[in-house]
Amino acid sequence: MDSRFRGNDKCLCDPCISGHSRESGNPQRVIPAKLESIGGIVSYAVHLKCRECARTYPLEPLAACEECWAPLEVVYDYGKLWADLRREDIAERPANMWRYHELLPLDSEPWVGKQTGFTPLVAAPRLARALGVRELYVKNDAVNHPTLSFKDRVVAVALSKAREFGFDTVGCSSTGNLANAVAAQSAAGGFKTFIFVPADLELEKIIATRIYGANLVKIQGNYDQVNRLCSEVAQKHSWGIVNVNLRSYYAEGSKTVGFEIAEQLGWRLPQNIVVPMAGGALITKIYKAFEELKELGWVEPAGTKFFGAQATGCSPISTAAKRGTPEIEPQKPHTIAKSLAIGNPADGSFAVKRILESGGAGDDVADEEIVEGICLLAETEGIFTETAGGVTVAVTRKLLSQERLNPDESIVITITGNGLKTVGAVKGCLEEEEAIRPRLAEFEDRYLSATPAIAV
Ligand SMILES: Cc1ncc(COP(=O)(O)O)c(C=O)c1O
Ligand SMILES: [Zn+2]
């Protein structure tokens with residue numbers, strides 16, 4: 001048996017339509033295409049499969065299972081993939097998310113977001129010292145292209161898929177970052193666009209949506225009400241709504257966060273990972289990414305524990321995880337972490353299951369702790385994150401102080417959005433500096449008088 005097959009004996013493409021067996025593998029290894037010319041590549045995605053009842057569907061724009069309304073997952077032909085691709089092939093490709101295109105559901109070259117992804121994984125020794133941790137890394141999607149959040153990844157997949165399906169109009173319901181990403185990438189892709197958001201979104205996120213010329217529909221209500229309206233729109237109009245009828249494809253884009261972390265660690269999985277949660281898709285897709293890499297034999301299992309982070313003011317998933325049950329009780333959000341403010345999360349129970357079966361935990365923090373988290377990351381590592389990142393840092397600190405995260409093990413924290421998008425959240429805690437006149441004496445008097453003289 002080939003040593004690269006790990007875990008159970010069953011092929012992950014279940015049922016394996018290619019009849020692969022772990023014993024035989026596939027002798028005909030096809031040299032994978034380089035990304036510059038993936039136009040000719042055959043997708044390894046074989047069908048959609050219901051997460052609950054396992055019914056399968058063809059790869060079409062479907063919102064949910066017709067039998068039980070559960071989400072649909074993209075299933076790949078892992079046996080063929082294993083036979084065709086080596087991790088060394090990946091290393092030669094351009095530094096963007098499409099270097100893993102065989103594990104994404106496109107049939108042709110991406111239409112938008114060609115430069116998205118492969119953001120830095122930064123070793124964070126100063127934050128590690130502040131938290132009393134031995135080995136800490138920050139996955140920095142605050143600098144993702146083009147709109148500075150991890151949502152650029154999911155949108156790059158969703159809109160490229162929308163183009164393959166022939167949609168000329170696209171849209172989404174959003175807590176902000178998705179709105180920015182859909183607006184920017186649909187402008188670049190030439191789509192007509194409708195974006196539905198709660199009216200009380202941060203000004204920065206409103207501007208960073210409207211600037212691209214999208215139709216911005218502000219709704220008097222919270223995200224869950226916005227999302228309901230969006231589902232009705234998707235039923236009536238033949239549009240590609242990225243988080244409704246394109247959701248199965250869209251969510252797959254989040255796997256690339258996991259692939260990149262593993263590759264950037266030298267094809268190694270971290271022992272712990274802390275992930276912010278809103279709908280709960282990102283954490284479940286990083287989990288799926290790690291499983292796929294193990295199944296392909298590209299990484300050794302590391303018993304990775306998944307920790308999900310929320311704001312206490314909107315914590316349906318972390319609350320369920322703390323109770324030890326996948327039953328989600330919807331909440332009415334009230335927090336400065338607006339990007340995470342989803343009271344009735346679509347992937348919530350699935351996220352809890354993944355957290356608990358990994359041996360991890362869910363937790364949440366108050367708004368003041370979120371601001372402290374933003375400042376701590378900025379002051380120690382020079383990375384300015386939005387409120388969602390403040391949640392991640394603050395929950396990491398809380399879990400360490402409660403000894404639920406092991407400081408002697410490797411930890412990755414996922415920073416998913418940029419601080420310039422939520423400036424208002426930290427403005428109040430920064431002291432207002434009075435201007436001085438352009439005089440050396442005034443500068444020294446104001447800034448150096450209390451400090452010991454500097455030798456020259
Ligand atoms: C910055 C940021 N981080 C994390 C998330 C959580 O993603 P998910 O809804 O997949 O749980 C969101 C969702 O909007 C977000 O905007
Ligand atoms: Zn079903």
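Being under 17 Å from the mean Cα position of the chain (by Cα) and surrounded by fewer than 24 Cβ atoms within 10 Å (Cβ to Cβ), is that true of even one residue in segment 407-427?
The answer is yes, given that some residue of segment 407-427 is under 17 Å from the mean Cα position of the chain (by Cα) and surrounded by fewer than 24 Cβ atoms within 10 Å (Cβ to Cβ).
Does segment 255-262 contain at least one residue that is closer than 30 Å to Leu405 by Cα, in contact with a His (Cβ under 9 Å, 6 or more places away or on another chain) and away from ligand 2 (no atom under 16 Å from the Cβ)?
No - not one qualifying residue is present in segment 255-262.
Can you pull out the helices (runs of 4 or more DSSP H) entirely within segment 328-439 that have at least 2 residues that are touching a strand residue (DSSP E or B) at 6+ places or on another chain (Cβ under 7 Å), within 16 Å of ligand 1 (Cβ to nearest atom) and of a type in the set (Phe, Trp, Tyr)? It would help to see each step written out before you state the result.
On the way: elements: 348-358, 367-381, 387-401, 423-427.
Fully inside segment 328-439 and qualifying: nothing.
Hey, among Leu376, Leu356, which residue is closer than 27 Å to Glu431 by Cβ, surrounded by fewer than 24 Cβ atoms within 10 Å (Cβ to Cβ) and of a type outside the set (S, T, N, Q)?
Leu376
Is it true that Thr175 is assigned to a loop (DSSP other than H, G, I, E, B) and surrounded by 21 or more Cβ atoms within 10 Å (Cβ to Cβ)?
Details: assigned to a loop (DSSP other than H, G, I, E, B): yes; surrounded by 21 or more Cβ atoms within 10 Å (Cβ to Cβ): yes.
It is true that Thr175 is assigned to a loop (DSSP other than H, G, I, E, B) and surrounded by 21 or more Cβ atoms within 10 Å (Cβ to Cβ).
Please go through segment 51-101 and give me each residue that is aromatic (Phe, Trp, Tyr) and within 11 Å of ligand 2 (Cβ to nearest atom), ordered by number.
Listed by number, the residues that qualify are Tyr57, Trp69.
Out of Glu434, Glu403, which single residue is loosely packed, with under 15 Cβ neighbours inside 10 Å, within 30 Å of Glu135 (Cβ to Cβ) and of a type in the set (Asp, Glu)?
Testing whether each residue is loosely packed, with under 15 Cβ neighbours inside 10 Å, within 30 Å of Glu135 (Cβ to Cβ) and of a type in the set (Asp, Glu) leaves just Glu403.
Since Gly308 meets every condition but one in (1) in a loop (DSSP other than H, G, I, E, B); (2) touching a Pro at 6+ places or on another chain (Cβ under 9 Å); (3) surrounded by 22 or more Cβ atoms within 10 Å (Cβ to Cβ), which condition does it not meet?
The single condition Gly308 does not satisfy is (1).
Hey, could you check segment 54-87 for residues that are under 23 Å from the mean Cα position of the chain (by Cα) and part of a strand (DSSP E or B) and say which is surrounded by the most Cβ atoms within 10 Å (Cβ to Cβ)?
Here the answer is Leu72.
Between Ala54, Ala45, Ala64, which is at pLDDT below 95 and either aliphatic (A, V, I, L, M) or under 28 Å from Trp267 (Cα atoms) (or both)?
None of the other options fit; the residue is Ala64.
Quick check on my filter: what residues within segment 88-124 are exposed (fewer than 15 other Cβ atoms within 10 Å of the Cβ) and in a helix (DSSP H, G or I)?
Passing the criteria: Glu88, Ala91.
The values are calculated or read from the model by the stated rules, or taken from the named source; none is laboratory data. Please read all numbers here as calculations on a predicted model, not as lab measurements. No Cβ is skipped: glycine too gets one built from the backbone with ideal geometry, and neighbour counts run over all protein chains shown.
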